[in-house]
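As structure tokens, the structure follows; a few thoughts come after it.
The values are calculated or read from the model by the stated rules, or taken from the named source; none is laboratory data. What you see is a predicted model, and the numbers here were worked out from it, not measured in a lab. Reconstructed Cβ throughout: ideal geometry from the backbone, glycine too, with neighbour counts over all protein chains shown.
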Amino acid sequence: MKKSKNHKNNRNNVKGRAPAGVGVRPSKSLGQNFLIDEEVIEAIVDGSGVTEETLVIEIGPGTGALTLPLAERAGRVVAVELDERVIPGLRVKTFSLGNVEIIHEDILKIDLRELIDRELGEYGLKEVRIVGNLPYYITTPIIMKLLEADTGAASITAMMQKEVGDRIAAEPGTKLSGAITYSVHYYADVTSIVSVGRECFYPVPKVDSVVLRMDIRDECPVHPADEDLFFRCIKAGFSQRRKTLLNSLMSLGDYEKTQIADALDRAGIAHERRAESLTMEEFAALADALKEV
Ligand code: SAM
């Protein structure tokens, strides 16, 4: 994984006072922390790899901090926003650009595949890239939906809470890794674009952030016989990460302890190892061994 730049906003961001252009009272329940730092915005747009041949799907445009600079660079931007209060203002701001559509929808409910196929068919653009300063309360479900939906997107560039970003960017099989590490690395190659201090948002959140770019792989790094079982093994392994694999895998529920011990032996994995020490290949070998039990 490439190292990212660090960015802190040194200008005044007085807590409780909205900078010009925000215009709505930020909703905590919608995860609204608006980006107010121009350098970070530039780093995200640069890092996302968007060109005039790109259809951008933006998640949660809010008041448009990223939407406008993205639209200036992209062929077209389709932005999906749940908060109806910001929609009219966004449509006014982006109207004259002529290449932006704002959709009032829940990103977790929308049929992305259908949306992307329709847009590509209509506008004849070459590639799709997904970009967003994600609402923190649903970061993981959004990323998993984007990866699992087989949208044909080349990349996902997303701002997220640093703690989640550090897990996602970790190499599988290292101390920082968690179930999400393996899930994301199975589908994508991860690059850190920029670290973002909390002062770069209005209102100021309690945590710092990071922007990651996930380039969707043409081919997954492992080919487990049963993908669903592979992901269930990872989830079970990390469900109680301090327990040994022999014990944590019992939460799969379908196997006796002796069967798990046998599968671990056949996969060449010591019973007392912990999930975070397993490589992607070892999890795949374990799932394959369990499949034969
Ligand atoms: N892009 C803006 C920026 O960078 O200033 C806003 C980012 S803010 C962290 C997250 C945005 O996602 C908010 O505008 C919020 O209303 C929107 N949002 C929250 N939940 C959503 C959902 N389920 N579907 C689509 N948008 C959502």
**Report entry** Matching residues, region 127-153, being small (Gly, Ala, Ser) and crowded, with 17+ Cβ neighbours inside 10 Å
**Finding:** GLY132, ALA153
Query raised in the report: Which members of region 159-182 meet the condition of being in contact with a Phe, Trp or Tyr (Cβ under 7 Å, 6 or more places away or on another chain) and in a helix (DSSP H, G or I)?
Result: ALA179, TYR182
**Report entry** Condition met for ASN33 (within 12 Å of the ligand (Cβ to nearest atom) and at pLDDT 95 or above)
**Finding:** yes
Requested in this report: Scan region 135-158 for residues that are in contact with a Ser or Thr (Cβ under 8 Å, 6 or more places away or on another chain), in a helix (DSSP H, G or I), within 14 Å of the ligand (Cβ to nearest atom) and touching a residue at least 40 places away in the same chain (Cβ under 8 Å) and jot them down.
Outcome: TYR137
Query raised in the report: SER29 is checked against (1) surrounded by fewer than 16 Cβ atoms within 10 Å (Cβ to Cβ); (2) in contact with a strand residue (DSSP E or B) (Cβ under 9 Å, 6 or more places away or on another chain); (3) assigned to a loop (DSSP other than H, G, I, E, B) and fails just one. What number does that condition carry?
Result: (2)
Query raised in the report: When both residues are 6+ apart or on different chains and their Cβ atoms are under 7 Å apart, which pairs have a first residue that lies in region 59-72 and is in contact (Cβ under 8 Å) with a residue 24 or more places away in the chain and assigned to a loop (DSSP other than H, G, I, E, B), and a second that is surrounded by fewer than 24 Cβ atoms within 10 Å (Cβ to Cβ) and of a type in the set (Lys, Arg)?
Result: GLY64/LYS93
Query raised in the report: Which residue, of GLU122, GLU199, is in a helix (DSSP H, G or I) and surrounded by fewer than 15 Cβ atoms within 10 Å (Cβ to Cβ)?
Result: GLU122
Report task. Just name the residue that is farthest from LYS126 (Cα to Cα) out of those in region 73-83 that are more than 8 Å from the ligand (Cβ to nearest atom) and outside any helix (DSSP H, G or I). Result -> ALA79
**Report entry** Failed criterion for LEU120 (all others in (1) out of contact with any helix residue (DSSP H, G or I) (no Cβ under 6 Å at 6 or more places or on another chain); (2) within 16 Å of the ligand (Cβ to nearest atom); (3) in contact (Cβ under 8 Å) with a residue 24 or more places away in the chain; (4) of a type in the set (A, V, I, L, M) hold)
**Finding:** (2)
Requested in this report: Hey, can you tell me all the residues within region 237-272 that are assigned to a loop (DSSP other than H, G, I, E, B), in contact (Cβ under 8 Å) with a residue 24 or more places away in the chain and not acidic (Asp, Glu)?
Outcome: ARG241, ARG242, LYS243, THR244, TYR255, ILE269, HIS271
Query - Any hit, region 244-262, residues being under 21 Å from GLU171 (Cα atoms), at pLDDT 95 or above and surrounded by fewer than 20 Cβ atoms within 10 Å (Cβ to Cβ) - result: yes
Query raised in the report: Residues ARG213, ARG232: which one is surrounded by 18 or more Cβ atoms within 10 Å (Cβ to Cβ), in a strand (DSSP E or B), in contact with a helix residue (DSSP H, G or I) (Cβ under 7 Å, 6 or more places away or on another chain) and at pLDDT 95 or above?
Result: ARG213
Query - Which numbered condition THR94 fails, given (1) in contact with a Gly (Cβ under 9 Å, 6 or more places away or on another chain); (2) within 10 Å of the ligand (Cβ to nearest atom); (3) hydroxyl-bearing (Ser, Thr, Tyr) - result: (2)
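Regarding PRO221, is this residue within 20 Å of the chain's Cα centre (by Cα) and more than 24 Å from SER155 (Cβ to Cβ)? Show your work before the answer.
Working: within 20 Å of the chain's Cα centre (by Cα): yes; more than 24 Å from SER155 (Cβ to Cβ): no.
No: the conditions fail for PRO221.
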Report task. Starting from residues that are more than 9 Å from the ligand (Cβ to nearest atom) and in a helix (DSSP H, G or I), keep the ones in region 41-58 and report whichever is nearest to VAL194 (Cα to Cα). Result -> ALA43
